[in-house]
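Report on one structure; see the data block that follows.
The values are calculated or read from the model by the stated rules, or taken from the named source; none is laboratory data. Worth saying up front: this structure is predicted, and the values here are computed from it rather than measured. Cβ sites come from the backbone with ideal geometry, for glycine too, and all protein chains shown count toward neighbours.
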2 protein chains.
Amino acid sequence: MKPILLLSKHAVTYRNLFEKAGLMIVEPPDLPADTEIVFGEPGLIRAALPHLPNLRWAQSTWAGVESLLDPSLPRGYTLTNARGVFGSLMSEYVFGYLLAHERKLLTRWQAQQTRTWDASLTGTLKGKTIGLLGVGSIGCALAKTARFFGLTVRGYTRQSRGCPYVNDYFHEPDLPAFASSLDYLVNVLPGTSRTRHIVNAKLIHHLPPGALFINVGRGSAVNETDLLHALENGLIAGAVLDVTEQEPLPENHPFWQAKNLLLTFHTSAPSFPEQISAMFLQNYQRYLAGQPLENIVDFEAGY
Amino acid sequence: MKPILLLSKHAVTYRNLFEKAGLMIVEPPDLPADTEIVFGEPGLIRAALPHLPNLRWAQSTWAGVESLLDPSLPRGYTLTNARGVFGSLMSEYVFGYLLAHERKLLTRWQAQQTRTWDASLTGTLKGKTIGLLGVGSIGCALAKTARFFGLTVRGYTRQSRGCPYVNDYFHEPDLPAFASSLDYLVNVLPGTSRTRHIVNAKLIHHLPPGALFINVGRGSAVNETDLLHALENGLIAGAVLDVTEQEPLPENHPFWQAKNLLLTFHTSAPSFPEQISAMFLQNYQRYLAGQPLENIVDFEAGY
């Protein structure tokens, strides 16, 4: 048994889960110099790194680990992130908002407020085309759900073609062909230097005016000025942003009141401690057995 | 070839579709006494029935055919309804509203209006239990979608057990056991004397306070006074009604402003003429070939 340094805002919950599983836990202010394993949020791990010269493995409770990717930070340990647990949550979020968009849920609700019997026709998902920027485990889960609802799926990736639910793959420099005639564009890319501002005026230019954009990846993927311009001028039908460059969003940010824009405050796929803990415990058994860990992050690729 | 009497508010659309398929069409004011086949909305067919002594087959463009079930009306013809085409539309509607409920879509939207960063946790469909009142072709499509999202499915039917996506079947008098501890209750029953007011105080009493009720069947299935009482007193979490006893809803009806109630004005599964027409053309070929028709309505059962 190896003690685990627990660095989380939800330490009480994780402590209970880990103690039930019989693990030995260390918590701040203790930061033993011989710590081999740390578990927690990337920002808290980053702050502790200088005190952990013997770190061998860090398990992030989140999928996004940008704060640990800074090249000036130590990389002499294995970093694993939370992957594979968010696919079904993200599917619920993305398809919930796609359905609300097609079924004009907010318009219907507003009609009700004015006692208006608004029986106008609504749209349907079936037969539409969705484009996924990024097809990792979350993107592939979205693709599976899309196919269930009868959509055609385009996937934009660096190289991979591993998801069987994607109808057509696109790679750099095929972004225009990927975007043209999409009904929905969903970003699930990790935040790296390559993905920064990938959703910009150039990409939006290739989207049809009826397209809906959803960002469940990282705020850095979007050029916010370009997106605002597109929304205010009806270049696309709308956007649903779970993530933004600054979070929480500053009170004077134009996104709050932008036309056809919905904000959801980084809640699309919460890390439920039961799921994250179960994933960690499996990896911990692998660690003890000397087997390769799952969900290892490539520091260079950034995911 | 047999001429078809076309009685529809969407006659222009259907005429085009039928003419493309090479059919011969008759339209009002012509109501030839030798008409064998009529196609259209149930209410319009009902009005024409006294003029059609030689009617052999009536194809309804809708699933609900209550207006043709009155025992005082002629029944010397075969009535077929629109079935099998609404499953995917109904799935989109029901799961759109279930997801909006779990993801607190309206609450988030309201937070945005007041520039409030509301990152509170939301719920998830996965692991919940849905109860379907009625498991015909629509109910079974809902069950399939429910299983896709990781729900447990209970089905309440007269006798049938034909849908493989239902985990547990319940029949009369097992309504209390069916309702207890449901997260979602969805009514898809046809409007018959047996299903009238099946959703009443007694049934609601067995639902947990967190339950959401969705009605995509018939307004007559709900005791509206009982439902209002339940909503106003928090006996259930909310309701989404696509159908009501009176449609359009009278302007002074308490549903317009009832607590946690969403109205959607009978738009959950529109009859798209292309789909209905394709279904009819198949049946028409059967008719000409002397084969049994599909989707025959049992006048006694009412569906």
For this session: For residues that are over 15 Å from the mean Cα position of the chain (by Cα) and under 21 Å from B:PRO208 (Cβ atoms), tally how many sit in segment B:125-149.
Result: 9
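Given A:PHE272, A:PHE265, A:PHE280, which one is under 16 Å from A:TYR97 (Cβ atoms) and of a type outside the set (Asp, Glu)?
A:PHE265
Among the residues in segment A:140-152, are any at pLDDT below 95, in the same structural domain as A:HIS229 (by TED's automatic domain parsing) and buried (at least 21 other Cβ atoms within 10 Å of the Cβ)?
Within segment A:140-152 (the criterion being at pLDDT below 95, in the same structural domain as A:HIS229 (by TED's automatic domain parsing) and buried (at least 21 other Cβ atoms within 10 Å of the Cβ)), the answer is no, since none of the residues qualifies.
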For this session: Only one of these is farther than 25 Å from A:PRO71 by Cβ and crowded, with 20+ Cβ neighbours inside 10 Å: A:PHE213, A:PHE272. Name it.
Result: A:PHE213
For this session: Only residues in segment A:102-130 that are assigned by TED's automatic domain parsing to the domain that holds A:TYR184 and on the phi > 0 side of the Ramachandran plot count as the first member; pair them with residues that are at pLDDT 95 or above and surrounded by 15 or more Cβ atoms within 10 Å (Cβ to Cβ), Cβ under 6 angstrom, at least 6 apart or cross-chain, and list the lot.
Result: A:ARG115/B:TRP256
Problem set entry | Test: residue in segment A:71-85 that is in contact with a Gly (Cβ under 6 Å, 6 or more places away or on another chain) and surrounded by 18 or more Cβ atoms within 10 Å (Cβ to Cβ) | no
Exercise. Somewhere in segment B:156-173, is a residue within 30 Å of B:PHE299 (Cα to Cα) and of a type in the set (Val, Ile, Thr)?
Worked result: yes
For this session: Scan (1) among the small types (Gly, Ala, Ser); (2) crowded, with 22+ Cβ neighbours inside 10 Å; (3) within 14 Å of chain B (Cβ to nearest Cβ) for the single condition A:SER60 breaks and write down its number.
Result: (3)
For this session: Kindly indicate which of A:ALA289, A:ALA301 is exposed (fewer than 14 other Cβ atoms within 10 Å of the Cβ), away from every other protein chain (no Cβ under 11 Å) and touching a residue at least 40 places away in the same chain (Cβ under 8 Å).
Result: A:ALA301
Seminar exercise, completed: Checking A:ILE296, A:ILE276 in turn, the sole residue that is under 17 Å from A:ALA63 (Cβ atoms), in contact with a strand residue (DSSP E or B) (Cβ under 6 Å, 6 or more places away or on another chain) and either assigned by TED's automatic domain parsing to the domain that holds A:ARG75 or not basic (Lys, Arg) (or both) turns out to be A:ILE296
Problem set entry | Positions within segment A:1-32 being β-branched (Val, Ile, Thr), closer than 22 Å to A:LEU288 by Cβ and free of Cβ contacts under 8 Å to residues at least 60 places away in the same chain, in sequence order | A:ILE25, A:VAL26
For this session: Mind listing whichever residues of segment A:153-164 are out of contact with any strand residue (DSSP E or B) (no Cβ under 6 Å at 6 or more places or on another chain) and either farther than 25 Å from A:LYS202 by Cβ or crowded, with 18+ Cβ neighbours inside 10 Å (or both)?
Result: A:THR157, A:GLY162, A:CYS163, A:PRO164
Exercise. Considering only residues of segment B:17-56 that are over 18 Å from B:ASN81 (Cβ atoms) and within 27 Å of the chain's Cα centre (by Cα), which is surrounded by the fewest Cβ atoms within 10 Å (Cβ to Cβ)?
Worked result: B:LEU17
